[in-house]
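Participant: My questions all concern the structure below.
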Amino acid sequence: MKIVLATSNKGKVKEIERFFTNYQIIPYTDLIEKFEIIEDGKTFKENAIIKVKAVSEALKKSGFDEVVIADDSGISVEALDWRPNIFSARYAGLDASSHDNLEKMIRELKNLKIEESSAFYTASIAISDKNGEIQTTHGWMYGKVIPKIVGEGGFGYDPIFIPNGECETLGVLENSIKTKHSHRIKALKLAKIILDKIDRS
């Protein structure tokens with residue numbers, strides 16, 4: 001079965017490809033032109049649904065009839081009143097890079113004069129089958145953030161996030177350990193149950 005991802009983010013495509021080895025995974029931009037999707041939902045789930053609907057409808061208009069999945073994810077930090085939450089990807093502004101967002105969070109944590117803060121990642125995945133029926137799954141990763149970059153692995157806020165039970169940030173930890181904790185992998189495991197059912201139907 002072919003699964004179209006409602007993203008052009010190569011990092012996300014690779015991560016999902018590694019997980020869904022029995023399916024053909026392609027970004028929607030392999031089939032149609034990239035277009036802007038206004039993510040104006042109030043939760044990760046709402047934004048994931050907005051994305052999957054937009055891409056599914058655009059594909060159908062272009063003659064494609066595929067299963068589509070979308071994800072929305074981010075980090076929430078207790079010391080920052082549980083921000084940036086759904087604004088994680090644009091925390092430092094609409095055109096901000098991942099590094100800009102990371103640097104803004106570090107500055108804010110340093111301004112608070114704290115050495116660490118409880119935090120968690122959320123991932124929501126929306127799946128649209130060929131009939132346009134949408135189902136969602138969620139995953140979480142709990143831990144803490146520190147106000148300094150440690151390691152170069154991962155992306156986003158990973159170099160300052162230490163999962164519960166670990167002593168190193170996601171920027172340092174090996175992939176096998178990161179996979180064990182990953183909020184996205186937890187959501188994908190639940191999504192796989194739904195996708196396998198779609199594939200059998």
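Participant: What are the residue pairs meeting all of these: first residue in the range 173-201, first residue of a type in the set (Ser, Thr, Tyr), second residue assigned to a helix (DSSP H, G or I), Cβ atoms under 7 Å, and 6 or more apart or on different chains?
Facilitator: THR179/ILE185
Participant: Could you tell me which residue of the range 130-187 is nearest to LYS110 (Cα to Cα), considering only residues that are modelled with pLDDT under 95 and small (Gly, Ala, Ser)?
Facilitator: Checked the range 130-187; the qualifying residue nearest to LYS110 (Cα to Cα) is GLY156.
Participant: Failed condition for ILE26, given (1) outside any helix (DSSP H, G or I); (2) within 23 Å of PHE87 (Cα to Cα), with all others met?
Facilitator: (2) is the only condition that ILE26 fails.
Participant: Okay, moving on. Under 6 Å between Cβ atoms, which residue pairs at least 6 apart in sequence (or on different chains) link something in the range 111-133 that is more than 26 Å from ASP196 (Cα to Cα) with a partner that is assigned to a loop (DSSP other than H, G, I, E, B)?
Facilitator: GLU116/ILE146
Participant: Separate question: Looking at this structure, is ILE86 part of a helix (DSSP H, G or I) and either at pLDDT 95 or above or not aromatic (Phe, Trp, Tyr) (or both)? Show your work before the answer.
Facilitator: Details: part of a helix (DSSP H, G or I): yes; either at pLDDT 95 or above or not aromatic (Phe, Trp, Tyr) (or both): yes.
Answer is yes for this residue.
Participant: Continuing with the same structure: Can you find a residue in the range 21-43 that is surrounded by 15 or more Cβ atoms within 10 Å (Cβ to Cβ), at pLDDT below 90 and of a type in the set (Asp, Glu)?
Facilitator: no
Participant: So, one more: Here are some residues: GLU57, GLU46. Which one is part of a helix (DSSP H, G or I), at pLDDT 95 or above, under 29 Å from PRO163 (Cα atoms) and of a type in the set (D, E, K, R)? Lay out the reasoning, then the answer.
Facilitator: Details: GLU57 fails: under 29 Å from PRO163 (Cα atoms).
Exactly one residue qualifies, and that residue is GLU46.
Participant: Which one is farthest from the chain's Cα centre (by Cα), of the residues in the range 1-20 that are polar (S, T, N, Q) and surrounded by fewer than 18 Cβ atoms within 10 Å (Cβ to Cβ)?
Facilitator: Of the range 1-20, the ones polar (S, T, N, Q) are 7-9.
Still in the running and surrounded by fewer than 18 Cβ atoms within 10 Å (Cβ to Cβ): 8-9.
Details: SER8: 12, ASN9: 10 Å.
Once the filter is applied, the top-ranked residue is SER8.
Participant: Evaluate the following for ASP100: is it surrounded by fewer than 16 Cβ atoms within 10 Å (Cβ to Cβ) and not in a loop (DSSP other than H, G, I, E, B)?
Facilitator: yes
Participant: Wholly within the range 116-201, which strands (runs of 3 or more DSSP E) include no fewer than the required count, namely at least 1 residues that are polar (S, T, N, Q) and crowded, with 19+ Cβ neighbours inside 10 Å? Quick ask: steps written out before the conclusion?
Facilitator: Values: elements: 117-128, 134-145, 161-163.
Here the list reads 117-128, 134-145.
Participant: Another question, then. Please go through the range 44-91 and give me each residue that is out of contact with any strand residue (DSSP E or B) (no Cβ under 9 Å at 6 or more places or on another chain) and not charged (D, E, K, R), ordered by number.
Facilitator: ALA58, SER62, GLY63
Participant: Here is a follow-up. In this structure, is TYR157 under 19 Å from GLU46 (Cβ atoms), touching a residue at least 24 places away in the same chain (Cβ under 8 Å), among the hydroxyl-bearing types (Ser, Thr, Tyr) and out of contact with any Phe, Trp or Tyr (no Cβ under 6 Å at 6 or more places or on another chain)?
Facilitator: Values: under 19 Å from GLU46 (Cβ atoms): no; touching a residue at least 24 places away in the same chain (Cβ under 8 Å): yes; among the hydroxyl-bearing types (Ser, Thr, Tyr): yes; out of contact with any Phe, Trp or Tyr (no Cβ under 6 Å at 6 or more places or on another chain): yes.
Answer is no for this residue.
The values are calculated or read from the model by the stated rules, or taken from the named source; none is laboratory data. Treat the numbers as computed from the prediction; the structure is a model and nothing was measured. Here Cβ is always computed from backbone atoms with ideal geometry, including for glycine, and neighbour counts include all displayed protein chains.
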